[in-house]
Amino acid sequence: MTKAEKAKKQFAKGFSCAPAVFSTYSEQFGLEKELALKIACGFGGGIGRMGKTCGAVTGAVMVIGLKHGQADVADEKSRQETHKLVKKFIDKFTALHGSIECRQLIGYDLSDSAELKLARESGVFQKKCASFVYDAARILEDVLHLR
C-alpha cells in the first residue's frame, strides 16, 4: 500500500484531512504518530472548520517542514528550501484542483452549521476530500522524492 493510500485510509477511518496526511509521514521524520495526529487536528476543515486552507494541504506543508524545516536561526538554507518546496507543492495541488481553499474545493462553508450539515449529507467529504488527501500525499511524495 502506498503512503497516499495509507493517508486516504486514515481519512476513511474518521481522521480529518490534515491529520490523515501529516500522521502518515510523521514517524518517517521522527515524530510519533499519536503526537502528529494531535498537532494536525486543528487544521482540518480548512483550519478549525473555517473553510480556509485545505487540511490536506496544511498537513503536507507540515511534512515538508518536518523534513526540511529550519531548526537553527542561522540555517537560512533550510528555510529557503522549505519555502521552495511548499511553493512547488501548492502549485501542483492548485494545478490539479484549481485552489487550495477548502470552501472553494468543496463548495460549502463549513463554519456555517447549516452548510456543514448539508456538506455531511451530500457526502462531499467521502467524494471529494478523500481524493484531496490522496492527491496531497501523492504530490508530497513527488515534491520530496519519497517512495
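Based solely on C-alpha atoms, express the radius of gyration and the Dmax of the chain in angstrom.
14.8, 50
Rounded to whole Hz and in sequence order, give me ³J(HN,Hα) for segment 15-24 from the Karplus expression 6.51 cos²θ - 1.76 cosθ + 1.60, θ = phi - 60°, writing x for Gly and Pro.
In residue order, the calculated couplings are 6, 6, 4, 4, x, 4, 6, 4, 5, 5 Hz.
Using modelled amide H (1.01 Å from N, peptide plane; none on Pro or chain starts), what sits under 5 Å from the amide H of Glu101, excluding residues fewer than 5 places away?
The list, which skips near neighbours in sequence, is Cys54.
What is the magnitude of the charge dipole of the chain about its Cα centre, with +1 placed on the Cβ of each Lys and Arg, -1 on the Cβ of each Asp and Glu, and no other charges, expressed in debye to the nearest 20? List each step's numbers first, then the result.
Details: 23 positive and 17 negative charges, 70 e Å.
Dipole of the chain, to the nearest 20 debye: 340 debye.
Taking springs between alpha-carbon atoms closer than 10 angstrom, which of Gly123, Gly46, Gly55 fluctuates most in the Gaussian network model of the chain?
Between Gly123, Gly46, Gly55, it is Gly123 that shows the largest mean-square fluctuation.
7 Å from Cα along Cα→Cβ at both His145 and Phe29: what's the point-to-point distance in nm?
Going by the 7 Å Cα→Cβ label model, 1.6 nm.
Taking the Cα centre of the chain as the origin and placing charges on Cβ (Lys, Arg +1; Asp, Glu -1), which of Gly69, Phe93, Ser111 is farthest toward the positive end of the dipole?
Result: Phe93.
Once phi is turned into ³J(HN,Hα) by the Karplus curve 6.51 cos²θ - 1.76 cosθ + 1.60 with θ = phi - 60°, what whole-Hz value does each residue of segment 40-54 show in order, with x for glycine and proline?
Using θ = phi - 60°, the values come out as 7, 3, x, 8, x, x, x, 6, x, 6, 9, x, 7, 4, 3 Hz.
Residue by residue through segment 2-7, which ³J(HN,Hα) values in whole Hz follow from phi under the Karplus form 6.51 cos²θ - 1.76 cosθ + 1.60 (θ = phi - 60°), with glycine and proline marked x?
Residue by residue, segment 2-7 yields 6, 5, 4, 5, 5, 5 Hz.
With viscosity set to 0.692 mPa s at 37 °C, what whole-number translational diffusion coefficient in µm²/s follows for segment 67-132 from Stokes-Einstein and a Kirkwood radius over Cα pairs?
Working: Rh = 14.2 Å.
The estimated diffusion coefficient comes to 232 µm²/s.
Which order do the peptides 35-41, 80-86, 6-12 come out in when sorted by mean C-beta neighbours inside 10 angstrom, highest first?
Peptide ranking by packing, descending: 6-12, 35-41, 80-86.
Laboratory data are not the source of any read-out in this text; all were calculated from the coordinates shown. For clarity, every value in this text was computed on a predicted model and none was experimentally measured. Ideal geometry is used to build each Cβ from the backbone, glycine not excepted, and the neighbour counts take in all protein chains shown.
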